[in-house]
């Protein structure tokens, strides 16, 4: 009875210690996945279409945008965007024998935009989510200049014997003009690392009827389609530490009964040491380089020296690139290529090889690039 009580007390004590260890780990994991307000910068390039009366392709022009912003919460943010390059105007003057005419002019448009991340709003924030979609809206100014082509067209129309007041470019402007502009749009971000995301954005912009120099009686519109890169600034939350590997040591106590017979024990064979070799791969790679092949040959030499020994082959992928779905495949291929090489090239029995893959769920090394690895342990 005393022995049973002692064993039960030991089991309860072990359970309490395990629960105490798990609580800090859970708190640390929650901290690593928490949202941190942060600044970011953004650069984009694309095209613009200005609403007009001529063919769609005749009103296309280039477009550039740079921005800096701050995300206050997982859903809401504010950014200052600077949109610039060129706009075009167009009108059909076939009734004057001039056909369809277009003209171009330069502009720069700073706007303050409010951003709303719909993915985080609907699905909740997740630090390692690959895709996010959101909306934006803002107000700013459109500053235009270099409108000489519109002036030349107006002079040409005024020189015609017949004129239509609607097409005399009565809203022509010269010099530099600033007008209010309103914006609404949508964006999609594709995360490629903890700091960098590739993005797409479309936005529509409305400004004064004077913008394209041609009187239409309604607001002038231009539409931008952009692609670019967004870089997060500031300190990142720490990565969650991998779960510790618990090794239980079992000690057996052997009680020998005294015997009168003298037994001569044969000398024990020397205990072999465990061999570990870490075979590293390139980004998204699963081919063994010439330098890493020497490590494979070390494993083969050990298995040939100890015919009863076995080897575990475990593949990993780095968490800093790709995504969990892709990284599972990289890790599996890195483990399998080593196992197949041991069998097909060096003649090791497949029954002596244990193959496993951790994807990017376990990171053996603190340095990200070193986690593109297959770890072989022979014993």
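What follows draws every value from the coordinates through simple rules; no lab data is involved. Keep in mind the model is a prediction, meaning the values are calculated, not measured. Positions of Cβ are generated from backbone atoms using ideal geometry, with glycine treated the same way; all protein chains shown enter the neighbour counts.
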With the calculation restricted to Cα positions, what are the radius of gyration and Dmax of the range 36-232 in angstrom? 19.7, 68
At a Förster radius of 41 Å, what calculated FRET efficiency corresponds to the Cβ-Cβ distance of residue 377 and residue 116, to the nearest 0.05? 0.25
As a test, work out the antiparallel percent of DSSP beta bridges whose residues both lie in the range 273-379, rounded to the nearest 5. 70
Between residue 100 and residue 276, what length in nm is gained on full extension when 0.36 nm per residue of separation is reduced by their alpha carbon distance? 55.8 nm
Listed with the fewest Cβ neighbours within 10 Å leading, 338, 353 appear as 353, 338
Segment residue 219-residue 34, length gained on full extension (0.36 nm per residue, minus Cα span): 62.2 nm
Rounded to the nearest Å, what's the spacing between the alpha carbon centres of the range 338-379 and the range 40-55? Just the number, please. 50
Rg/Rh ratio calculated on Cα atoms of the range 273-379 (Kirkwood radius): 0.97
Roughly how many Å is it from the Cα centre of the range 87-136 to that of the range 187-238, as a whole number? 6
Note down the nm distance, to one decimal, between modelled labels 7 Å out along Cα→Cβ at residue 66 and at residue 155. 3.6
Two-site label geometry, residue 352 and residue 129: point separation in nm, points 7 Å out along Cα→Cβ: 5.1
Once the principal axes of the Cα atoms of the range 30-146 are found, what is the range along each, listed largest first in whole angstroms? 72, 26, 20
Going by how many other Cβ atoms sit within 10 Å of their own, how do 195, 333 line up, fewest first? 195, 333
Final fewest-first order of 85, 103 on the 10 Å Cβ neighbour count is 85, 103
Hey, got the Cα dimensions of the range 172-228 along the principal axes, in Å, largest first? 48, 23, 14
Between residue 193 and residue 298, what is the FRET efficiency for a Förster distance of 25 Å, r being their Cβ-Cβ separation, to the nearest 0.05? 0.15
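Quote the FRET efficiency, to the nearest 0.05, computed for residue 145 versus residue 229 with a Förster distance R0 of 35 Å and r equal to the Cβ-Cβ distance.
Working: r = 29 Å, r/R0 = 0.82.
Computed FRET efficiency for residue 145 and residue 229 comes out at 0.75.
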